[in-house]
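Notes follow once the structure below has been shown.
The values are calculated or read from the model by the stated rules, or taken from the named source; none is laboratory data. Everything quoted here is computed from the prediction, not taken from an experiment. For neighbour counting, all protein chains shown are included, and Cβ atoms are generated from backbone atoms with ideal geometry for every residue, glycine included. The protein model used for the area step is the full one, side chains on, heavy atoms only, and it has no ligands, DNA or RNA in it. Shrake-Rupley method; radii C 1.70, N 1.55, O 1.52, S 1.80 Å.
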Amino acid sequence: MLTLRRKTMLWTSILLVVSLAVVYELSRRTFLEEMTLLGQEFAERRAVVAANIVRNSLAEVRRLSYDWAVWDATCEFVEGRRPGYAAENLTPLSLQGIHVDLIVISDASGRPIITRVLEGSGNEARPAPPKLLSLLRHLPPNGSTAADMAGTAGLFEYAGEIYLMATHPILPSDEQGEPRGTLVMARRFDQDEQRRLEEVVQSEFKLRHIEDPAVGAEISKMLAASRDPMPVASRVLDTQTRAGYALLHDVFGDPKFVVEVAWQRVFYAQGRRILYYFLLAFVAVGLVLIASVLLLLRRLVLNPFTRLSHQVAKLGERGDLFRRVDMDAGEEMNNLAKAINRMLDDLQRAQEALRRSDQQFRAIVDHQVELICRFGVDGRLSFVNRAFSEFFGRPEAELAGQGVMALTAAEDQALIQRELISLSPQRTVGTVESRIHLPSGETRWVHWTIRAFLNDTGTELSGFQAVGHDITERRSVEQALRRRVAMEEMISGISTDFLNLPNARLEEGIVSALRRVGQFTGADRCYIRLLSEDRSRIQLAFEWYGDGLQRLPYDVRALPASAFPWLSERLLRLEILRINRLDDLPPEAAREMELWRQVGAKSLLVAPLVLDNRMAGFIGLTADREPRAWTDEDGDLMKLVGDVFVGFLARKRAENALH
């Protein structure tokens, strides 16, 4: 068993752990998330810077393509007036000087005139492969619009390499007239170019295709779907690195490439270190606090409490209720010692009272049968036994001082009062049966044997003792037998009446029988519905209804048999249906529920009428004023009445057939 010190240590430790978890979670959701957002914003800014650097490189290639495209020498070469142009200007050395790896000059029809591609270290220039030229034919045409005359610039991917490419229409230096052709210039985005850009960005830099798996499908979709003029995104690569992404367009104007800039998660790592230091400080403060609490608890509570416990234990061992505890250890412990001393005083008085009440208790036990209570001439209880307390569902202490009449049903209080008044010194014992309404709502019948006690002189009553026996089951059996006899007498009377009933009084006799059944069961309406000869309709044949009610409307007297699909299915199985509340009906009985609500029925009891092994209709009871719970006996009665009616109906049909 845990001591108070260990319990305190356990609970304070649990509190510290829970507090630590809460503080950590709140810090993680606020401080670390802020650090994460800061790192995300920084990575995206780096990606924007890298994208702008790539765009600046594209602008540089575009300026070169413009300078060469509006050069008179290039225009004369395309027109065939300068055959030495290529030898003079398109050498590997000259292309290296302007940092261009690909140049294509085409005439106005798009036919390449000359192509040069630097290979290897750039010392050799070769013609562009046919496959590359076929791809370049799909570049936007250079027409007469302002956009076409300005040329295009963007990224271009071929054979696993990415180029910074620009195109421009070839024009004279005065830029007048129709384009003579098209100039395409491109610079490889090679390792040297990547290292140059990484030095500017000061981060790991990569140029990837937007569908590259290294980019990630989620980032690709986010960038492609963004309506921002400069879409950016970022994601965590690992615990130490976050990557920022910016969208770039290819030479065709499509969003096909992204700039990836990797950045160390400095802010997040610093935030985690700060959080860990804070948590360590929190734990240290918590441990110091626990140690302080335990020290104060031991000094101010545990030690004095231990001494007090030893004194109480000695009193218990000796059984001496005349001794008292002594404590001088602070106001709280002194108050506790005083409370213990008051308790000892109460125990001492209770011991004396117990001895005096022992004789009364033994007298009660000697006369105990079942429920036992004692009450004075004022009707207030002074003692109840356990059976009495359990019967009423209330503790003995609560019943003490309660008026005995308040425990009896109001309708039987006058009966008990008369019995108590009839008791006297000459007649000290009486019996009575009364109802008890229990807190649970149940009503029980009790047979009481009441004995009057006399004063010392024997001339006056000083109190009463009542012994009760629960006779609810016996009363229920007697009531059920009486009701059964009455039901059988009623059935016998109905059968006798039907035997002597002439055809002229057929309806009157049947309605009279329905009235007797309805009044016997306490129903508001009793009726019989019969199937037509073709079994397509079901007709209200006979009906009885109580006072204050009206006949059923004509529109529900004759209904198609299909109006009762759920009911018909069960009646065909010869089931007796007891419906205490319409809300208890299943969803498939929606049509029956609507009809019964229409006629005002709140509860129903329906039994099938079987003639020649076929259902001929049904007999029913309804409660229209208030819902009621039908009993098995009600169902048996309806079946018996239905059998009597079917027998009478079969006899009448046989008589009609003979005549």
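Among the residues of the stretch 421-433, those that are within 26 Å of residue 455 (Cβ to Cβ) and either open to solvent by less than 70 Å² (accessible area, probe 1.4 Å) or of a type in the set (Phe, Trp, Tyr) (or both) comprise 422, 423, 424, 425, 428, 429, 430, 432.
Conditions (1) at pLDDT 80 or above; (2) over 60 Å from the mean Cα position of the chain (by Cα); (3) loosely packed, with under 14 Cβ neighbours inside 10 Å, marked per residue:
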{"position": "459", "(1), (2), (3)": "yes, yes, yes"}
{"position": "485", "(1), (2), (3)": "yes, no, yes"}
{"position": "490", "(1), (2), (3)": "yes, no, no"}
{"position": "494", "(1), (2), (3)": "yes, no, no"}
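Of the residues making up the stretch 221-242, those that are closer than 24 Å to residue 156 by Cβ and touching a residue at least 12 places away in the same chain (Cβ under 8 Å) are 223, 224, 226, 230, 231, 232, 233.
A Cβ distance below 9 Å, combined with a sequence gap of six or more or placement on separate chains, defines the contacts here; from the stretch 394-420, residues that are surrounded by fewer than 16 Cβ atoms within 10 Å (Cβ to Cβ) and at pLDDT 90 or above reach residues that are assigned to a helix (DSSP H, G or I) and not acidic (Asp, Glu) in the pairs 417/405. Here residue 647 does not qualify as surrounded by 13 or more Cβ atoms within 10 Å (Cβ to Cβ), closer than 19 Å to residue 544 by Cβ and of a type outside the set (A, V, I, L, M). If the Cβ limit is 8 Å and pairs must be 6+ apart or interchain, which residue in the stretch 284-297 that is under 16 Å from residue 6 (Cβ atoms) pairs with which residue that is of a type in the set (A, V, I, L, M, F, W, C) and in a helix (DSSP H, G or I)? Within 8 Å, the pairs are 290/9; 290/16; 294/9; 297/4. Tell me, please, whether a residue that is under 30 Å from residue 299 (Cα atoms), open to solvent by 50 Å² or more (accessible area, probe 1.4 Å), under 57 Å from the mean Cα position of the chain (by Cα) and at pLDDT below 85 can be found in the stretch 356-364. Among the residues of the stretch 356-364, not one is under 30 Å from residue 299 (Cα atoms), open to solvent by 50 Å² or more (accessible area, probe 1.4 Å), under 57 Å from the mean Cα position of the chain (by Cα) and at pLDDT below 85, which makes the answer no. Please list, ordered by first then second residue, the pairs with beta carbon atoms under 6 Å, 6 or more apart or interchain, first in the stretch 174-203 and open to solvent by 10 Å² or more (accessible area, probe 1.4 Å), second of a type in the set (S, T, N, Q) and modelled with pLDDT under 80. Going by the 6 Å Cβ cut-off, the qualifying pairs are 179/142; 182/142.
With respect to the conditions (1) in a strand (DSSP E or B); (2) closer than 30 Å to residue 653 by Cα; (3) of a type in the set (Gly, Ala, Ser), residue 493 falls short on a single one, namely (1). Evaluated against (1) touching a Phe, Trp or Tyr at 6+ places or on another chain (Cβ under 7 Å); (2) closer than 25 Å to residue 618 by Cα; (3) modelled with pLDDT of 80 or more, residue 521 falls short on exactly one condition, (1). Taking the stretch 196-215 as the range and being at pLDDT 80 or above and out of contact with any helix residue (DSSP H, G or I) (no Cβ under 9 Å at 6 or more places or on another chain) as the test, the residues that pass are 208, 209, 213, 214.
Selection over the stretch 39-59 of residues that are farther than 17 Å from residue 245 by Cβ and surrounded by fewer than 16 Cβ atoms within 10 Å (Cβ to Cβ) gives a count of 2.
Of all residues in the stretch 500-518, none satisfies being β-branched (Val, Ile, Thr), under 49 Å from the mean Cα position of the chain (by Cα), open to solvent by less than 30 Å² (accessible area, probe 1.4 Å) and at pLDDT 85 or above.
Selection of the stretch 425-463 for residues being among the aromatic types (Phe, Trp, Tyr) and closer than 15 Å to residue 391 by Cβ yields 445, 448. Only one of the numbered conditions (1) assigned to a helix (DSSP H, G or I); (2) more than 30 Å from residue 632 (Cα to Cα) is not met by residue 456, and that is (1).
Taken over the stretch 20-56, residues that are of a type in the set (A, V, I, L, M, F, W, C), touching a Phe, Trp or Tyr at 6+ places or on another chain (Cβ under 6 Å) and under 23 Å from residue 249 (Cα atoms) amount to 3.
Please work out if residue 34 is modelled with pLDDT of 80 or more and open to solvent by 20 Å² or more (accessible area, probe 1.4 Å). So residue 34 fails the test. When each of 466, 452 is tested for being open to solvent by less than 50 Å² (accessible area, probe 1.4 Å), free of Cβ contacts under 8 Å to residues at least 60 places away in the same chain and not polar (S, T, N, Q), the lone residue that passes is 452. Among the residues making up the stretch 366-386, a single one is open to solvent by 40 Å² or more (accessible area, probe 1.4 Å), within 13 Å of residue 468 (Cα to Cα) and among the aliphatic types (A, V, I, L, M): 369.
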